[in-house]
Structure formats: C-alpha cells, structure tokens
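Okay, so here's the structure we're looking at.
The values are calculated or read from the model by the stated rules, or taken from the named source; none is laboratory data. Model, not experiment: these values are computed from the prediction. Here the Cβ positions follow ideal geometry from the backbone for every residue, glycine too, while neighbour counts run over all protein chains shown. Surface accessibility is based on the protein's heavy atoms, side chains included, excluding ligands, DNA and RNA. Shrake-Rupley method; radii C 1.70, N 1.55, O 1.52, S 1.80 Å.
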Amino acid sequence: MAEEAERQVPEGAAVFPLIPSELDVDPLLLAVLHAAVFLSGSDDEVVHPAAAAEALEYIATYLQRRSGPQIQRIREDLEVLTAFAKREGWPKQEVQFLKSFLADFGIGEGHTP
C-alpha cells in the first residue's frame, strides 16, 4: 500500500491526457508535449521554476532544429491532436496549448533552423 501511495501524482503536477495510438501522432512529439506540459504547468512545489524554464529552453532549441517536412509533420500532428481534444471536450487551456505550441517554442510560419 505504501508503494502505491508513492506512485500517486502529487497535487499541483500538470499531466497531459493519454493520447490513443489510433491517432497516429508521432510518439516523440507526444513525449515532448507531455514533458512541456509537466514542466510549464506544474506548481512550484512540484517542479523548481528555474529548472523547468531551463529545460523548456532546451526543448525549444532542439525543436527549432527541425525543418521542412519535419515541421510540416509536427503541424499536421498538432492539428489532429487539437481536433481530438475539442471532440473529447478537453479544457480550453489544453486546447490552446496545442494551438500555440509551435509559436510558443519559437517555430513560426517562416521558421528556418
């Protein structure tokens, strides 16, 4: 029983919903999204703000290395995820996170690495 209590997600931890494999979204993108949500959305008691900010900066830096078809695939996957989130009635904040993800991480329409 104590082991189960240790595995419970602490209050204040931001957790993104599980994405079904049937959506065929790149699993690496899903991993990045889950990490970004956790780092950016968790309370200070769960994740140290300065450490989270630094990790998010590195995530943005690595994402900005993507180009051409890679960015297009990410855009398409985010569109699929946004449509899914709306259908499933996710909170507006989570839908907005998906819509603004690329811009928030420095990858706009004219992005070049």
Fill in the blank from the handout: The lone condition ASP77 fails out of (1) of a type in the set (Asp, Glu); (2) open to solvent by 40 Å² or more (accessible area, probe 1.4 Å); (3) touching a helix residue (DSSP H, G or I) at 6+ places or on another chain (Cβ under 8 Å); (4) modelled with pLDDT of 95 or more is (2)
Fill in the blank from the handout: Within segment 80-97, residues open to solvent by 40 Å² or more (accessible area, probe 1.4 Å) and in a helix (DSSP H, G or I) come out as VAL80, ALA83, LYS86, ARG87, GLU88, LYS92, GLN93, GLU94, GLN96
Exercise for the section: Considering only residues that are of a type in the set (D, E, K, R) and over 17 Å from the mean Cα position of the chain (by Cα), look in segment 36-55 and name the one that is nearest to SER100 (Cα to Cα). Expected result: ASP44
Handout entry: Top-ranked residue in segment 11-38 [being of a type in the set (Val, Ile, Thr) and within 16 Å of GLN70 (Cα to Cα); ranked as surrounded by the fewest Cβ atoms within 10 Å (Cβ to Cβ)]
Key = VAL32
Completion exercise
Residue pairs qualifying under the 9 Å Cβ cut-off, at least six apart or on distinct chains, with the first in segment 81-105 being more than 18 Å from THR61 (Cα to Cα) and of a type in the set (Gly, Ala, Ser) and the second being part of a loop (DSSP other than H, G, I, E, B) and open to solvent by less than 70 Å² (accessible area, probe 1.4 Å), are ALA85/PRO17
Exercise for the section: Being touching a residue at least 40 places away in the same chain (Cβ under 8 Å), open to solvent by 50 Å² or more (accessible area, probe 1.4 Å) and not charged (D, E, K, R) is the filter here, so list the residues in segment 59-74 that pass it. Expected result: GLN64
Exercise for the section: Would you check if GLU45 is within 27 Å of GLY12 (Cα to Cα), open to solvent by 80 Å² or more (accessible area, probe 1.4 Å) and assigned to a helix (DSSP H, G or I)? Expected result: no
Fill in the blank from the handout: LEU56 meets each of (1) open to solvent by less than 70 Å² (accessible area, probe 1.4 Å); (2) farther than 15 Å from ASP104 by Cα; (3) in a helix (DSSP H, G or I); (4) without any contact (Cβ under 8 Å) to a residue 60 or more places away in the chain with one exception, condition (2)
